[in-house]
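Okay, so here's the structure we're looking at.
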Amino acid sequence: MNKNSMQGQRNGYIAVTSALIISGIVFVLIFALGTTSYFGRFNILHSRLKAQSRALAESCVQIALLKFAEDDEYAGNETVAIDGNTCDILPLIVNGTQRTIQTKAEYKGTFTSLNVALDSDTFELLNWEEVASF
């Protein structure tokens with residue numbers, strides 16, 4: 001073998017090795033971008049389900065506020081059906097003139113629990129917050 005022939009084989013080996021490395025890097029980048037897009041769809045879906053769950057729990061709070069406005073002896077402790085779904089109004093917590101309404105809603109595996117405090121004399125909302133659980 002002459003010197004030029006060996007030089008050509010080495011250049012070919014470097015070219016093939018470089019092509020394999022570059023192809024591997026491109027494959028990893030495409031895979032990473034593809035999975036990010038794939039899991040991003042689930043994040044969007046979860047946020048939409050959470051919005052539905054929160055709306056359901058807020059509807060239960062509004063129903064409890066309405067029932068309490070109509071009857072100051074309203075005690076809660078009921079399940080309410082809203083548009084084919086249900087949410088729970090837990091028993092109202094009484095602390096002097098303050099009433100605390102707690103609601104729980106579940107929509108397709110997504111949960112929302114709300115804790116709402118109001119002054120029963122003035123009907124002023126003192127606190128409205130989402131809590132992890134009761």
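The values are calculated or read from the model by the stated rules, or taken from the named source; none is laboratory data. Source: prediction; values computed, not measured. For neighbour counting, all protein chains shown are included, and Cβ atoms are generated from backbone atoms with ideal geometry for every residue, glycine included.
Suppose we filter region 58-80 for residues that are among the hydrophobic types (A, V, I, L, M, F, W, C) and under 22 Å from the mean Cα position of the chain (by Cα); how many remain?
Matching residues across region 58-80 total 2.
Scan Val28, Val80, Val61, Val16 and give me the residue that is in contact with a helix residue (DSSP H, G or I) (Cβ under 8 Å, 6 or more places away or on another chain) and on the phi < 0 side of the Ramachandran plot.
Going through Val28, Val80, Val61, Val16 in turn, the sole match is Val80.
How about region 66-116: which of its residues are surrounded by fewer than 10 Cβ atoms within 10 Å (Cβ to Cβ) and either free of Cβ contacts under 8 Å to residues at least 24 places away in the same chain or under 20 Å from Glu129 (Cα atoms) (or both)?
Glu70, Asp71, Glu73, Ala81, Asp83, Gly84, Asn95, Gly96
On the basis of being out of contact with any strand residue (DSSP E or B) (no Cβ under 6 Å at 6 or more places or on another chain), surrounded by 10 or more Cβ atoms within 10 Å (Cβ to Cβ), part of a helix (DSSP H, G or I) and modelled with pLDDT under 85, does Leu33 make the cut?
Working: out of contact with any strand residue (DSSP E or B) (no Cβ under 6 Å at 6 or more places or on another chain): yes; surrounded by 10 or more Cβ atoms within 10 Å (Cβ to Cβ): yes; part of a helix (DSSP H, G or I): yes; modelled with pLDDT under 85: yes.
Yes.
Considering only region 90-127, state which residues are more than 14 Å from Ala55 (Cα to Cα) and either touching a Cys at 6+ places or on another chain (Cβ under 8 Å) or among the acidic types (Asp, Glu) (or both).
Asp119, Asp121, Glu124
Would you pick out the residues in region 81-99 that are under 25 Å from the mean Cα position of the chain (by Cα) and of a type in the set (Val, Ile, Thr)? Walk me through it before giving the result.
The first filter runs over region 81-99 and keeps only residues under 25 Å from the mean Cα position of the chain (by Cα), leaving 81-90.
Those that are under 25 Å from the mean Cα position of the chain (by Cα) and of a type in the set (Val, Ile, Thr): Ile82, Thr86, Ile89.
In region 66-87, which residues are in a loop (DSSP other than H, G, I, E, B) and among the polar types (S, T, N, Q)? Write out each step before concluding.
If we filter region 66-87 for residues that are in a loop (DSSP other than H, G, I, E, B), which is where we start, we get 71-77, 83-84.
Asn77, the sole residue that qualifies.
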